[in-house]
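Visitor: Below you'll find the structure I mean.
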Amino acid sequence: MTGKLWLIIRREYLAKVRNKSFIIMTILSPLLIVGMIVLIAYLTKINDSEKRVISVLNESGFFDEQFKTSESMSYVHFKGLSLQEAKDSTSSLGYYGLLHLPKGADLEQVSKSAYLFTKDNPNTNVTQRLEGIFQKKLRQKRLENLGVSQGQFSDIEASFEINLATFDGEKSVKGINEIKAFIGGGFGYAIMMFIIIYGGFVMRSVIEEKTSRIIEVIISSVKPFQLMLGKIIGTSLAGITQFTIWIISASLLLFLVSLFLGIDLAAIATENPMVPGSMNGMGQFSAPPSTEMMLYAKEILNIPWFLLISSFLVYFILGYFIYSSIYAAIGAAVDNETDTQQFIFPIILPLMLAIYVGFFSVFSNPHGPIAVGFSLFPLTSPIVMLMRLPGGIGEGGVPLWQLLLSITLLIGTFFGIVWLAAKIYRVGILMYGKRPTYKELFKWLRY
Amino acid sequence: MDHILVAKNVTKTYGDFTALSNISLEIPENCIYGLLGPNGAGKTTFIRIINQITYQDKGEVLFNGSPLAPEHIAHIGYLPEERGLYKSMKVGEQALYLAQLKGLSKSEAKKRLKYWFDRLDIGDWWNKKIQELSKGMAQKIQFIVTVLHEPKLLIFDEPFSGFDPINANIIKDEILLLKEKGTSIIFSTHRMESVEELCEYIALIHKSEKILDGKLSDIKKAYKNNIFNVGLEIQQDGDTFVKTLEDKFQILSSSFDKEEKQLDFTIQLPSNQTAGVLAELSNQANINRFEETIPSANDIFIQTVNNKENDR
């Protein structure tokens, strides 16, 4: 009995890993991913290195020292030219724009009558920078008028960050909740990707057995449930093989690339403009003081890794089996892949919901009602609970009863869904020629 | 007589649809048993029950005297009507896999495959993929996979569909050889003509019910209606001769060839006693043909179905 299951697992695994497109994907994906990262890094670098040159025609006598060449802007100061001459030379020199500060009685008046001339509408970055310079100078001047000295002014300007600590008195750092949720989110996201990719493989493999008409030969030797189980396990082993190769080769490649090209990969991670709003907090620790660095490291080490990884395995296995058995049932119910669409959407929906709820709700409040609800609901819990778990269990983290309830519900659902899916599978694999409706699928459950 | 398979009052329904209704069959050991009936009569459902692909709702199926159990699968070989192979898997690997699923060890399966591959001329194909093979070749491999584990009971569902005449003959001979070696064979088909030369026993299934079963020769005997075809060489005029015969016998049809002086007619006798008519005829003419008309399986089938319908 187990011997046959083993034979099926072996065949499904080999059929998968020997498949040409599977091999190509395995080799190509890390190259593509690393290539993308390198490309983004390269483009970011180019983007940053582009300097805008602004010519300044300052007739006012104020703002002499304010327009200093910085990393992304440089200023050329024109002297003794008329406005028209300055405009002409700016455009003939190909500078980005001309800033004109006319004569004026005082700072306020000069600022009000200052103009920026550009060829097209100016970039908001540029205008914001220039406005910032004006504002700072104006604020200083106004405060001076109120009797604040320059030294005092710079004291006022000094930035302030609030100190954070937990109730236990341990110092904590900003953004750590986001980091934790991000790590959990990574695990959850991996589960979702795995389900979608390899669940689809299971489905196509079932359809292939149906269309090639070998299915009846096989199930005269083994039970349909054994075949379904063997198929799911074999495919997931192939998937794990592929994932492992991807992770190892991608990290190796990234390491080599960053070694040879000297691209600072850590810099990209923080400057990546695509990270959602909550990530802005992370952007700030691009160069935190070393004591803070220590705190971050401590917090990350404080994440209950053992708990996280062991629950990842539990949620991964149960979640994957639930979903892939649904995929197998869909494959059995239809005759070809084009018929699968109407059935696949309802499966993808809870997965997507889990990811979005996770990123929007768990990130902001890991223990809010939405986060709790979705981490208990069996079809979303594998993803959402993993996002909550880096906070630990018990005080400050996920209450133990929630974790246990979530896993219990998941196990219950696992048996229920696999039982239902196996029934549909058993009937479906021998039905040819018509696309069943949901009503008919329901009928099959009674056969 | 021992029976390889006995079905007692087997009923199977799918929702509101009855696929098998109270079917009882006894399939003797070491014979070829024809399971006949039009498409959709329930043959395949019955076969799937034997293969434990699906299960009866009511009734009982005995294999070699004991209720069907998972271990019997190793003793049954099944060639389904809807059959195929993995397209992208190598022939040898695939055959090994299917043989191992039936419980053969790898080495034993390899040995037997080599024997069969040689026997049916598919030696060079071990490392080819099925998609590179002709359809006939793939069918041969399916046949080999079905019989490889030397099952006690072989079930063929429409075995010759998809075969070209030459390969169909090869397979037919192999089936007969397997029977001689002691295998019991169930042969399911809706094509009656292929039944006559192969099957010793038949069962007719129609609209989920068994309407007739038994030894083919017995059934034919029972369906004989004492009609004989007669050929005579006569000197006188055929028509007048027939007229004189009609006084004594019931003549169904006749034809006379004047040049050959050959009279052919069919005659309905009241019983299967032929002595009287033979004596009468041989007095007046030279008998060159006298044979009983035996109904074909097809005739029997149609007649039984009609009777059944009329009974309702």
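Visitor: Pick from A:417, A:424, A:411: which is out of contact with any Gly (no Cβ under 8 Å at 6 or more places or on another chain), under 25 Å from residue B:51 (Cα atoms) and among the β-branched types (Val, Ile, Thr)?
Guide: A:424 is the lone residue from the list that is out of contact with any Gly (no Cβ under 8 Å at 6 or more places or on another chain), under 25 Å from residue B:51 (Cα atoms) and among the β-branched types (Val, Ile, Thr).
Visitor: Exactly one condition in (1) surrounded by 16 or more Cβ atoms within 10 Å (Cβ to Cβ); (2) of a type in the set (Gly, Ala, Ser); (3) more than 16 Å from residue B:140 (Cα to Cα) is false for residue B:168; which is it?
Guide: For residue B:168, the failing item is (3).
Visitor: Please enumerate the residues belonging to segment B:53-70 that are within 19 Å of residue B:209 (Cα to Cα), within 14 Å of another protein chain (Cβ to nearest Cβ) and β-branched (Val, Ile, Thr).
Guide: Once the filter is applied, which keeps residues that are within 19 Å of residue B:209 (Cα to Cα), within 14 Å of another protein chain (Cβ to nearest Cβ) and β-branched (Val, Ile, Thr), segment B:53-70 yields only B:54.
Visitor: Looking for whichever is crowded, with 17+ Cβ neighbours inside 10 Å, out of contact with any strand residue (DSSP E or B) (no Cβ under 9 Å at 6 or more places or on another chain) and either of a type outside the set (Lys, Arg) or away from chain A (no Cβ under 13 Å) (or both) here; the options are B:23, B:50, B:27, B:73. Which one fits?
Guide: After ruling out the rest, the residue left standing is B:73.
Visitor: Could you check, for segment A:245-268, whether at least one of its residues is modelled with pLDDT under 70 and closer than 30 Å to residue A:404 by Cα?
Guide: no
Visitor: I want to confirm something. Restricting to segment B:174-191 and keeping residues that are over 21 Å from residue B:95 (Cβ atoms) and surrounded by fewer than 20 Cβ atoms within 10 Å (Cβ to Cβ), which single residue is nearest to the other protein chains (Cβ to nearest Cβ)?
Guide: B:190
Visitor: In the list B:113, B:101, which residue meets the criterion of being buried (at least 22 other Cβ atoms within 10 Å of the Cβ), closer than 23 Å to residue B:153 by Cβ and either modelled with pLDDT under 90 or within 14 Å of another protein chain (Cβ to nearest Cβ) (or both)?
Guide: Matching residue, one of B:113, B:101: B:101.
Visitor: For segment B:76-93, name all the residues that are surrounded by 20 or more Cβ atoms within 10 Å (Cβ to Cβ), within 10 Å of chain A (Cβ to nearest Cβ) and under 18 Å from residue B:117 (Cβ atoms).
Guide: The answer is B:77, B:79, B:85, B:86, B:89.
Visitor: So residue B:274 clears everything in (1) at pLDDT 85 or above; (2) within 29 Å of residue B:217 (Cα to Cα) except one condition, right? Which one?
Guide: (1)
Visitor: Does segment A:222-234 include one or more residues that are more than 8 Å from chain B (Cβ to nearest Cβ), part of a helix (DSSP H, G or I) and surrounded by fewer than 17 Cβ atoms within 10 Å (Cβ to Cβ)?
Guide: no
Visitor: Among the aliphatic types (A, V, I, L, M), on the phi < 0 side of the Ramachandran plot and assigned to a loop (DSSP other than H, G, I, E, B): which single residue out of B:41, B:7, B:19 fits that description?
Guide: B:41
Visitor: Looking only at segment B:200-220, which residues are of a type in the set (D, E, K, R) and either loosely packed, with under 13 Cβ neighbours inside 10 Å or in a strand (DSSP E or B) (or both)?
Guide: Those that are of a type in the set (D, E, K, R) and either loosely packed, with under 13 Cβ neighbours inside 10 Å or in a strand (DSSP E or B) (or both): B:209, B:210, B:213, B:215, B:218.
Visitor: Pick from A:215, A:191, A:195: which is buried (at least 20 other Cβ atoms within 10 Å of the Cβ) and within 12 Å of chain B (Cβ to nearest Cβ)?
Guide: Only one candidate qualifies: A:215.
The values are calculated or read from the model by the stated rules, or taken from the named source; none is laboratory data. Just so it is clear, the structure is predicted and the values come from calculations on it, not from any experiment. When we count neighbours, we look across all protein chains shown, and the Cβ atoms used for this are built from the backbone with ideal geometry, even at glycine.
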